[in-house]
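K.L.:
Handing you this structure, nothing more for now.
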Amino acid sequence: MTIRFVLFVNKQGQTRLAQYYEHLSLDERRALEGEIVRKCLARTDQQCSFVEHRNYKVVYRRYASLFFLVGVDNDENELAILEFIHLLVETMDRHFGNVCELDIMFHLEKVHFMLEEMVMNGCIVETSKQNILAPIQLMEKSS
Amino acid sequence: RRKGHSHFPPSAPFPVFQIRQGPVRPPPSARLPHCFPLQQPAFRSRELPVPNFPRGGVPPPRYQAGMDTVEKIVEDFASDLAMSAFSSGMRLRDMIRAIRSCKTAAEERAVVRRECAAIRAAISENDQGLRHRNMAKLMFVHMLGYPTHFGQMECLKLIADAGFPEKRVGYLGLMLLLDERQEVLMLVTNSLKQDLNHSNQFIVGLALCALGNICSAEMARDLAPEVERLMRSRDVNTKKKAALCSIRIVRKVPDLAENFMALATSLLKEKHHGVLISAIQLCTELCKASKDALEYLRKNCIEGLVRILRDVSNSSYAPEYDVSGISDPFLHIRVLKLMRVLGHGDADCSEYMNDILAQVATKTESNKNAGNAILYECAQTIMGIEATSGLRVLAINILGRFLSNRDNNIRYVALNMLMRAITVDAQAVQRHRATILECVKDADASIRKRALELVFLLVNDTNAKPLTKELVDYLRVADPDFKGDLTAKICSILEKFSQDKLWYLDQMFKVLSQAGSHVKDDVWHALIVVLSNASELQGYSVRSLYTALQVYGEQGSLVRVAVWCIGEYGEMLVNNVGMLEGEETITVTESDAVDAVEVALNRYSADMTTRAMCLVALLKLSSRFPSTSERIKLIVGQNKDNIVLELQQRSIEFSSIIQRHQSIRSSLLERMPVLDEASYLVKRAAITQATISADKLAPPVNPGGLKLPNGVPKPTAAPLADLLDLGSDGAPATTVTSTTATAPNDFLQDLLGIGGANSSVAGVSSSANTDILMDLLSIGTSPSQNGLPAQDTKPVPVVPEVIDLLGSLSSSTSASDVKPTPVVPQAMDLLDGLSSSTSISGLENTALPSITAFQSATLKVTFDFKKQPGNPRESTIHATFTNLTSSPFTDFIFQAAVPKFIQLRLDPASGNTVPASGNGSVTQGLNITNNQHGQKPLAMRIRLSYKVNGEDRLEQGQISNFPSGL
């Protein structure tokens, strides 16, 4: 397993999406999110995008008001995860057109579907935006 | 006179209060209408513009902070109504909007509670139309961190539904809300199996995805054949998902690995990147799962891997997989990872990869993040396999380039990589030492941390001194947050390379001066041990510390070490004993030394350890410098009214030593014997364990929650133990060292003999001359606490005043000469939990200790026990009731209740009036038969009713502190 969790958090520290690939209880999750968000939000733009927390690394990237955080194993390629975050954002952008925080909030399930196409059990499955979006577009067309 | 059979359940088990709870129903107001009247909104067409991000860069900060405008919200709203995946999606929006508009956490909780109530209601009404909308809501609520277990069954229902949208939401809910540990999951196996065999590839995809995310070992076994079959499917999407799904299966059931080996290898021939990346990850997992698979893949897939890597790195522009001019970096990275696994420890495989790795390492562009990610992975692979030296040079060059990069991300990964490289090529890493040291001083905490760890690995005999110097110098300006980590690392480097004592001491003093407050206790304890052994450096040390103390008085650990040294080696400070070459002479008078300690004492008024150390240092100085004796007496005397009992007591003791015991003072206050380094190290290692076990041994808290005093005057034991420590300081059998050697206690406590009664007792080793005193002390602690059976308590002398002990010590040097003195009544008052009957009955081997069964402001009940010889089940309790108030109790009735397995018979009480102020008492006998003797302990509830001045009173309580064995 490489990716442990994917989190979207806004500037106020509110979770906008959370997907865990390992089991954590509700309390553990809340605590974890709180700690990580505090750590990441305190960092400046000049500092590197990696934070070590407990037994894993958090790779994060900020796009406007949203922080995208990905928790990974210690031996994961951090730069590749940064690239993955960017791919995710680009994919959402292609789908929603100028994606913003509200899009993610109100279309939570769609973002989950995209993420599901991209990551499974913590492994990256698909990196082509077209392939990722195909099932979602198909579903929208059919309905 | 009444026979005290109780009114309340005589032999029933203790009543358990049950909280009745009806089904949760939301109040009517919370149940909102399910549907709003809908107007058919206009469709909003939405084209999908291709994002116009600069390649590889951050997308422009497009979505402005805050929300775009009201317009956008309205638009979204309209489009959502049109969206039919959630046919009545409006309510979901409403909920999200309501939650968004909440100002406080309490408001949010209220909204969520109301919504959850509505969803529960919908679930119980089995409203099918609302199911997937409710599920979507639950997902949102779950994301916010609220419990959503009640929706789990709904997921299963949705999955069983025929429609694709329902299934889709159901599976998503399954993955989000459930985990493999829940039993509900077993129910889904059948649905999954059906869906895996579905004709629609999208439904198959959903099922595979869900299975890949959450399957348990049992499900893996059940469904593995289906997944295997799907890996042979013609559809690429199904294939890639099946491949990833098998990763989970293999991880759950490693035995199944061999079923997938051949399949995984065959998938490597595909063209579709999604299939390739999945297959490669599956191969990586198989290598981890079984040795056979690793061998198989080494033979069969290395060729395919090299081909994939060559194809992808040479491929022309492919828009779908292109990331800033590089074709599919993700695939690159996965291939390189697998190559690392296969090439590790296998020269043939490594040989085979050589060329392509060299190509990737040289040709990949390094001006973009994607390229650097590949280079990073490539360098790691080269380090991980049995690469040729030429290839190694390439990797090291990449490292060097990374390390000098300005981008912090790149520097971070470079440091990370160096950590790994150090095992392969330590020389190459040493070359970058200067750069790494610079990184330790970086502004970025993540980089500093990495660099510091790296430096720690780099330290060896030759570079320890310059590296440490750099680090210690940096300590002065380091970020306060970082000082803790840095100090810890410096200290462990210092201890590792502490052969050169003078260097070690010098550096330690510097660290203490710069970051004394961050130095851990065990570190400065170790320093004191070293100091006490280095007799030729003690003079130098005490002078350095004294000088440092004048400047850095705010550093806690420095103050402690300095004060200890001044106390021990004060005369070396004043007389400049043991000057080292090149050391500057300083002039310190006797009263200067006392000043220094006094300043520390006043400065650390809240820190008990430092204060205690100061007091001891002062006491020692009073003997070293007789001229300051009067002044020290005054300073020590100021603590006589300290609120900390320990300090107060010590202050009184020390004053009387200074004042009244001149004859023994000098021998009492001699320098501490040399501490044994080896045994300290052993002890230090044991500390963590000891702390853990001590926690476990801690006496259990009264389960009833009712606090029953056991009448244990704990503090009385402490001074005795302390004085013992002090007294034996000069004695030939040095208790201090023996405690250091044996007891897993806090070093400081040993050093000074400070500490609570229990630890002191445990800390004293059982050398012959301390035995009696130990016994003496164990009277002070209740048998249940120190775990000593009562019969171990010998009738030993109880000394009414601590100073008497000292007196006897002074008259006879060895403690074992202390004659058993008769029990002194005053002392018994101190130990009021042990009434005189205990000591007497303590002579008989079979007796159990008495307890204070119950005590309130007005009334005290003590129990004495007697066992029938030959019948362990039966015991007789002799209860004594004492009135603590000034008015007599009339109509006194005592009642008791016991659990079912115990039989209780109450004897008539000796009277029904309890005289005031403890002038006499009422007694009553209780005969107890414990039918589960040895299995269950005795427990009892009591009720006491009586009249005071004609007014009815009632008191009750639970007794759970019965001695064991009843």
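K.L.:
When the residues of region B:319-365 are narrowed to those that are away from every other protein chain (no Cβ under 14 Å) and open to solvent by 50 Å² or more (accessible area, probe 1.4 Å), which ends up nearest to B:Val393 (Cα to Cα)?
P.N.:
So the residue we want is B:Thr362.
K.L.:
Check whether at least one residue in region A:55-62 is touching a helix residue (DSSP H, G or I) at 6+ places or on another chain (Cβ under 7 Å) and open to solvent by 10 Å² or more (accessible area, probe 1.4 Å), and report yes or no. Show your work before the answer.
P.N.:
Initially, region A:55-62 is screened for residues touching a helix residue (DSSP H, G or I) at 6+ places or on another chain (Cβ under 7 Å), giving A:57-61.
In the following step, the residues that additionally are open to solvent by 10 Å² or more (accessible area, probe 1.4 Å) were identified as A:60-61.
Scanning region A:55-62 turns up at least one residue that is touching a helix residue (DSSP H, G or I) at 6+ places or on another chain (Cβ under 7 Å) and open to solvent by 10 Å² or more (accessible area, probe 1.4 Å).
K.L.:
Counting only residues that are more than 7 Å from chain A (Cβ to nearest Cβ) and under 13 Å from B:Pro165 (Cβ atoms), which one in region B:129-149 is farthest from the chain's Cα centre (by Cα)?
P.N.:
Selected residue: B:Gly129.
K.L.:
Among the residues of region B:489-508, count how many are in contact (Cβ under 8 Å) with a residue 12 or more places away in the chain and either among the acidic types (Asp, Glu) or open to solvent by 50 Å² or more (accessible area, probe 1.4 Å) (or both).
P.N.:
The initial filter retains those residues of region B:489-508 that are in contact (Cβ under 8 Å) with a residue 12 or more places away in the chain, namely B:489-498, B:501-508.
Those still in the list that are either among the acidic types (Asp, Glu) or open to solvent by 50 Å² or more (accessible area, probe 1.4 Å) (or both) too: B:489, B:495-496, B:501-502, B:506.
Residues meeting the conditions: 6.
K.L.:
Another one. Residue under question is B:Leu457, and the condition is that it be open to solvent by 50 Å² or more (accessible area, probe 1.4 Å), among the aliphatic types (A, V, I, L, M), touching a helix residue (DSSP H, G or I) at 6+ places or on another chain (Cβ under 7 Å) and more than 28 Å from B:Gln555 (Cβ to Cβ); does it hold?
P.N.:
Numbers: open to solvent by 50 Å² or more (accessible area, probe 1.4 Å): yes; among the aliphatic types (A, V, I, L, M): yes; touching a helix residue (DSSP H, G or I) at 6+ places or on another chain (Cβ under 7 Å): yes; more than 28 Å from B:Gln555 (Cβ to Cβ): yes.
So B:Leu457 fits the description; yes.
K.L.:
On to the next question. Being in contact with a helix residue (DSSP H, G or I) (Cβ under 7 Å, 6 or more places away or on another chain) and open to solvent by 20 Å² or more (accessible area, probe 1.4 Å) is the filter here, so list the residues in region B:119-130 that pass it. First the steps, then the outcome.
P.N.:
From region B:119-130, those in contact with a helix residue (DSSP H, G or I) (Cβ under 7 Å, 6 or more places away or on another chain) are B:119-120, B:122-123, B:130; that's our starting set.
Within region B:119-130, B:Arg120, B:Ile123 qualify.
K.L.:
Here's another thing I want to ask about it. Given region A:51-143, what helices (runs of 4 or more DSSP H) lie entirely inside it while holding 2 or more residues that are polar (S, T, N, Q) and within 7 Å of chain B (Cβ to nearest Cβ)?
P.N.:
Because the criterion is at least 2 residues that are polar (S, T, N, Q) and within 7 Å of chain B (Cβ to nearest Cβ), the helices (runs of 4 or more DSSP H) in region A:51-143 that meet it are A:129-142.
K.L.:
State yes or no: is B:Pro147 open to solvent by 30 Å² or more (accessible area, probe 1.4 Å) and assigned to a helix (DSSP H, G or I)? I'd like the intermediate steps shown before the answer.
P.N.:
Values: open to solvent by 30 Å² or more (accessible area, probe 1.4 Å): yes; assigned to a helix (DSSP H, G or I): no.
In short, no.
K.L.:
Moving on. So B:Ala515 fits all but one of (1) open to solvent by 10 Å² or more (accessible area, probe 1.4 Å); (2) of a type in the set (Gly, Ala, Ser); (3) closer than 20 Å to B:Leu475 by Cβ; what number is the exception?
P.N.:
Among (1) open to solvent by 10 Å² or more (accessible area, probe 1.4 Å); (2) of a type in the set (Gly, Ala, Ser); (3) closer than 20 Å to B:Leu475 by Cβ, B:Ala515 violates only (1).
K.L.:
Inspect all residues belonging to region B:291-311 and state whether any of them is more than 26 Å from A:Val119 (Cβ to Cβ) and of a type in the set (A, V, I, L, M, F, W, C). Can you show your working first?
P.N.:
If we filter region B:291-311 for residues that are more than 26 Å from A:Val119 (Cβ to Cβ), which is where we start, we get B:291-292, B:295-296, B:298-300, B:302-303, B:306-307, B:310.
Checking the rest, the ones that are also of a type in the set (A, V, I, L, M, F, W, C) come to B:302, B:306.
Yes, the conditions are met somewhere in region B:291-311.
K.L.:
If we scan region B:102-114, do we find a residue that is closer than 26 Å to A:Ser143 by Cβ and either modelled with pLDDT of 85 or more or not in a helix (DSSP H, G or I) (or both)?
P.N.:
Applying the first criterion (closer than 26 Å to A:Ser143 by Cβ) to region B:102-114 yields none.
Scanning region B:102-114, I find no residue that is closer than 26 Å to A:Ser143 by Cβ and either modelled with pLDDT of 85 or more or not in a helix (DSSP H, G or I) (or both), so the answer is no.
K.L.:
Answer yes or no: is there a residue in region B:212-227 that is closer than 19 Å to B:Ala264 by Cα, away from chain A (no Cβ under 14 Å) and open to solvent by less than 10 Å² (accessible area, probe 1.4 Å).
P.N.:
Within region B:212-227 (the criterion being closer than 19 Å to B:Ala264 by Cα, away from chain A (no Cβ under 14 Å) and open to solvent by less than 10 Å² (accessible area, probe 1.4 Å)), the answer is yes, since at least one residue qualifies.
K.L.:
Could you please tell me which pairs satisfy a Cβ distance under 7 Å, a separation of 6+ or placement on different chains, a first residue in region B:566-594 that is farther than 21 Å from B:Lys620 by Cα, and a second residue that is among the charged types (D, E, K, R)?
P.N.:
B:Ile586/B:Arg543
K.L.:
For B:Arg420, which of the numbered conditions (1) surrounded by 22 or more Cβ atoms within 10 Å (Cβ to Cβ); (2) closer than 23 Å to B:Thr364 by Cβ; (3) within 30 Å of the chain's Cα centre (by Cα) fails to hold?
P.N.:
(1)
K.L.:
Right, here's the next one. Select, from B:Val253, B:Val341, B:Val306, B:Val323, the only residue that is β-branched (Val, Ile, Thr) and farther than 23 Å from B:Cys378 by Cβ. Lay out the reasoning, then the answer.
P.N.:
Numbers: B:Val341 fails: farther than 23 Å from B:Cys378 by Cβ; B:Val306 fails: farther than 23 Å from B:Cys378 by Cβ; B:Val323 fails: farther than 23 Å from B:Cys378 by Cβ.
After ruling out the rest, the residue left standing is B:Val253.
K.L.:
Out of the residues in region B:439-477 meeting the condition of being in contact (Cβ under 8 Å) with a residue 12 or more places away in the chain and of a type in the set (Gly, Ala, Ser), tell me which one is nearest to the other protein chains (Cβ to nearest Cβ).
P.N.:
Among those that are in contact (Cβ under 8 Å) with a residue 12 or more places away in the chain and of a type in the set (Gly, Ala, Ser), it is B:Ser446.
K.L.:
Could you please tell me which pairs satisfy a Cβ distance under 6 Å, a separation of 6+ or placement on different chains, a first residue in region B:425-438 that is over 20 Å from B:Leu475 (Cβ atoms), and a second residue that is surrounded by 18 or more Cβ atoms within 10 Å (Cβ to Cβ) and at pLDDT below 85?
P.N.:
Hits for this filter: B:Val429/B:Ala421.
K.L.:
Considering only residues that are of a type outside the set (Gly, Ala, Ser) and open to solvent by 40 Å² or more (accessible area, probe 1.4 Å), look in region B:894-914 and name the one that is nearest to the chain's Cα centre (by Cα). Show your work before the answer.
P.N.:
Taking region B:894-914 and keeping what is of a type outside the set (Gly, Ala, Ser), we get B:894-895, B:898-908, B:912-914.
Keeping just the survivors that are open to solvent by 40 Å² or more (accessible area, probe 1.4 Å) gives B:900, B:903, B:905, B:907-908, B:912-913.
Details: B:Lys900: 41, B:Gln903: 45, B:Arg905: 49, B:Asp907: 53, B:Pro908: 55, B:Asn912: 55, B:Thr913: 55 Å.
The selected residue is B:Lys900.
K.L.:
Can you tell me which residue within region A:10-50, out of those that are charged (D, E, K, R) and either more than 10 Å from chain B (Cβ to nearest Cβ) or in a loop (DSSP other than H, G, I, E, B) (or both), is surrounded by the most Cβ atoms within 10 Å (Cβ to Cβ)? Don't jump to the end; show me each part of the working.
P.N.:
Residues of region A:10-50 that are charged (D, E, K, R), as a first pass: A:11, A:16, A:22, A:27-30, A:33, A:35, A:38-39, A:43, A:45.
Keeping just the survivors that are either more than 10 Å from chain B (Cβ to nearest Cβ) or in a loop (DSSP other than H, G, I, E, B) (or both) gives A:11, A:22, A:28, A:35, A:38, A:43, A:45.
Numbers: A:Lys11: 14, A:Glu22: 13, A:Glu28: 11, A:Glu35: 13, A:Arg38: 10, A:Arg43: 17, A:Asp45: 8.
Going through the qualifying residues, I end up with A:Arg43.
K.L.:
Only one of (1) touching an Asp or Glu at 6+ places or on another chain (Cβ under 7 Å); (2) aromatic (Phe, Trp, Tyr); (3) within 21 Å of A:Glu140 (Cα to Cα) is not met by A:Phe113, so which one is it?
P.N.:
The single condition A:Phe113 does not satisfy is (1).
K.L.:
Additional query: Please state which of the following conditions B:Ala162 fails to meet, knowing it meets all the rest: (1) without any contact (Cβ under 8 Å) to a residue 12 or more places away in the chain; (2) at the interface with chain A (Cβ under 9 Å from one of its Cβ atoms); (3) of a type in the set (Gly, Ala, Ser).
P.N.:
Answer for B:Ala162: the failing condition is (2).
K.L.:
Then there is this: Taking the condition open to solvent by less than 30 Å² (accessible area, probe 1.4 Å) and in a helix (DSSP H, G or I), does B:Gln550 pass? Give the steps one after another, and end with the answer.
P.N.:
On the way: open to solvent by less than 30 Å² (accessible area, probe 1.4 Å): no; in a helix (DSSP H, G or I): yes.
No, not satisfied.
K.L.:
Can I ask one more? Kindly indicate whether B:Ser216 is farther than 23 Å from B:Glu270 by Cβ and under 39 Å from the mean Cα position of the chain (by Cα). Let's see the steps before the verdict.
P.N.:
Details: farther than 23 Å from B:Glu270 by Cβ: yes; under 39 Å from the mean Cα position of the chain (by Cα): yes.
Yes; evaluated as a whole, the condition is true for this residue.
K.L.:
Report yes if some residue within region B:178-197 is over 43 Å from the mean Cα position of the chain (by Cα) and free of Cβ contacts under 8 Å to residues at least 12 places away in the same chain; otherwise report no.
P.N.:
Taking every residue of region B:178-197 in turn, at least one turns out to be over 43 Å from the mean Cα position of the chain (by Cα) and free of Cβ contacts under 8 Å to residues at least 12 places away in the same chain.
K.L.:
Something else now. Going through B:Glu258, B:Glu295, B:Glu303, B:Glu285 one at a time, which residue ends up being among the acidic types (Asp, Glu), at the interface with another protein chain (Cβ under 9 Å from one of its Cβ atoms) and in a helix (DSSP H, G or I)?
P.N.:
Working: B:Glu258 fails: at the interface with another protein chain (Cβ under 9 Å from one of its Cβ atoms); B:Glu295 fails: at the interface with another protein chain (Cβ under 9 Å from one of its Cβ atoms); B:Glu303 fails: at the interface with another protein chain (Cβ under 9 Å from one of its Cβ atoms).
Answer to the selection: B:Glu285.
K.L.:
Another question, then. Just to verify a result, which residue in region B:587-607, among those that are in a loop (DSSP other than H, G, I, E, B) and not aromatic (Phe, Trp, Tyr), is most open to solvent (accessible area, probe 1.4 Å)? Give the derivation first.
P.N.:
Filtering region B:587-607 for residues in a loop (DSSP other than H, G, I, E, B) gives B:587-589, B:604-607.
Narrowing the set further to residues that are not aromatic (Phe, Trp, Tyr) leaves B:587-589, B:605-607.
Working: B:Thr587: 132, B:Val588: 7, B:Thr589: 67, B:Ser605: 76, B:Ala606: 100, B:Asp607: 40 Å².
Restricting to residues being in a loop (DSSP other than H, G, I, E, B) and not aromatic (Phe, Trp, Tyr), the top hit is B:Thr587.
K.L.:
Further, regarding this structure: Of the conditions (1) within 14 Å of chain A (Cβ to nearest Cβ); (2) open to solvent by 20 Å² or more (accessible area, probe 1.4 Å); (3) of a type in the set (A, V, I, L, M, F, W, C), B:Ile410 fails just one. Which one is it?
P.N.:
(2)
The values are calculated or read from the model by the stated rules, or taken from the named source; none is laboratory data. Note that the coordinates shown come from a computational prediction; the quantities given were computed from them, not determined experimentally. Neighbour counts are summed over all protein chains in view; Cβ atoms, including those assigned to glycine, are modelled from backbone coordinates with ideal geometry. Accessible surface areas use protein heavy atoms only, side chains included; no ligands, DNA or RNA. Shrake-Rupley method; radii C 1.70, N 1.55, O 1.52, S 1.80 Å.
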